[in-house]
Amino acid sequence: MVTQTEMIYEGKAKRVYATNDPKLVIVDYKDDATAFDGKKRGTISGKGVVNNRMSNYMFGLLEKQGIPTHFVEELDTRRSLVRRVEIVKVEVIVRNIVAGSLSKRLGLPEGVVLKSPVLEFCYKNDELGDPMINEYHIFALELATKEEMQRITELAFKVNDFMVPFFEKMNIDLVDFKLEFGRFDGQIILADEISPDTCRFWDKTTKERLDKDRFRRDLGNVEGAYAEMLHRVLGE
């Protein structure tokens with residue numbers, strides 16, 4: 001039986017605990033919310049439950065598509081047992097529709113549908129604000145090998161190919177999302193979470209934002225948006 005031991009990491013959205021199995025950890029999702037590299041802080045009641053349950057459900061579906069993930073077992077509404085990975089310090093952003101920083105950088109209005117998905121990489125470093133980098137930086141800094149980046153790219157597009165039509169059935173546009181990958185037993189696997197914290201979800205009909213942008217932009221009803229996404233995904 002796997003048992004929880006000491007806390008080994010606390011981030012903006014999760015606490016991670018070691019277990020008596022060196023290959024497994026327990027992730028505890030928090031209600032704390034941050035934006036703009038920690039400059040804005042608050043609490044979204046029930047966020048931890050939504051992010052934990054939705055991430056686990058999505059990881060289960062992605063596993064069936066041949067995408068390896070860190071998910072092992074949901075322990076309760078806020079905690080999950082996952083594989084202990086070495087996180088690759090490269091955040092991967094997949095963009096289908098112009099929004100957020102892409103709109104500002106390219107001077108395009110939000111809502112423009114891209115002709116093809118755009119893949120972006122950022123250096124996972126909170127102190128630097130997760131700056132955008134390219135593969136030349138990644139290889140020069142030895143953040144990942146060429147083979148690892150090929151696999152990460154392949155998996156990122158595979159996740160997108162599955163999730164776009166999946167959310168369309170719920171009348172949701174998957175605008176963009178962030179992924180993190182880790183190394184486990186010599187393999188690259190999907191880690192972190194898939195939730196309203198890490199994805200932009202827009203209702204296809206009303207264009208209502210059902211994600212963390214409601215917190216970032218003070219749009220109100222943040223808890224309601226998170227609960228609505230869980231309802232649409234799980235049907236509860």
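Local charge for R214 was computed over the other residues whose Cβ lies under 15 Å away, with Lys and Arg +1 and Asp and Glu -1, and equals -2.
Among P165, P22, P196, whose mean-square fluctuation peaks in a Gaussian network model of the chain (Cα, cutoff 10 Å)? Result for the chain, Cα springs under 10 Å: P22 fluctuates most. Around the Cα centre of region 117-236, unit charges on the Cβ atoms of Lys, Arg, Asp and Glu (plus for the first two, minus for the last two) sum to a dipole of about 340 debye. Of all the options K207, K14, K47, the one that moves most in a Gaussian network model of the chain with Cα springs shorter than 10 angstrom is K207.
Each other residue within a Cβ distance under 15 Å of G235 adds +1 if Lys or Arg and -1 if Asp or Glu, for a net charge of +1. Structure remark: mean-square fluctuation, Gaussian network model of the chain, C-alpha springs under 10 Å; the largest value among L219, L143, L179 belongs to L219. Counting Lys and Arg as +1 and Asp and Glu as -1 over every other residue whose Cβ lies under 10 Å from the Cβ of D185, the net charge comes to +3. Annotated for region 4-83: lysine pairs at least 8 residues apart or interchain, Cα distance under 25 Å, count 15.
For region 89-98, backbone phi angles converted through the Karplus equation (6.51, -1.76, 1.60; θ = phi - 60°) give residue-by-residue couplings of 7, 10, 7, 10, 10, 10, 10, 10, 9, 5 Hz, Gly and Pro being listed as x. The residue among G129, I189, T206 whose Cα reaches farthest toward the positive pole of the charge dipole of the chain, with charges on the beta-carbon of Lys, Arg, Asp and Glu, is T206. Positive-end ranking of S80, S45, G66 along the dipole of the chain, with charges on Cβ about the Cα centre, is headed by S45. Since only G111, V233, V222 are under comparison, the one whose Cα sits farthest along the positive direction of the charge dipole of the chain, derived from C-beta charges on Lys, Arg, Asp and Glu, is G111. Classify the chain as rounded, prolate or oblate, taking a ≥ b ≥ c as the square roots of the eigenvalues of its Cα gyration tensor: rounded when a/c is under 1.5, otherwise prolate if a/b is larger than b/c and oblate if not. Judged from the Cα gyration tensor, the chain comes out rounded (a/c under 1.5).
Computed on region 106-175, with alpha-carbon pairs under 8 angstrom and 6+ residues apart, the relative contact order is 13 percent. Taken about its Cα centre, region 4-83 carries a charge dipole of about 340 debye when Lys and Arg each add +1 at the Cβ and Asp and Glu each add -1 at the Cβ.
Only four residue types carry charge here, +1 at the Cβ of Lys and Arg and -1 at the Cβ of Asp and Glu. Report the dipole size of the chain about the Cα centre in Debye, rounded to the nearest 20.
For this selection, approximately 460 debye.
As a proxy for reagent exposure, H231, H70 were ordered by neighbouring Cβ count within 10 angstrom, fewest first; the result is H231, H70. Across the chain, C-alpha contacts under 8 Å between residues 6 or more apart give a mean separation that, scaled by the residue count, equals a relative contact order of 18 percent.
Between region 1-34 and region 42-93, what is the C-alpha centre distance in whole Å? That distance is 12 Å. For K124, the residues whose modelled amide H falls within less than 5 Å of its own, excluding neighbours fewer than 5 places apart on the same chain, are V90, E91. Listing R200, R232 from fewest to most neighbouring C-beta atoms within 10 Å gives R232, R200.
Any read-out appearing in this document is the output of simple, stated calculations on the displayed coordinates, not a laboratory observation. The model shown is predicted, which means the values in this text are computed figures rather than measured ones. Positions of Cβ are generated from backbone atoms using ideal geometry, with glycine treated the same way; all protein chains shown enter the neighbour counts.
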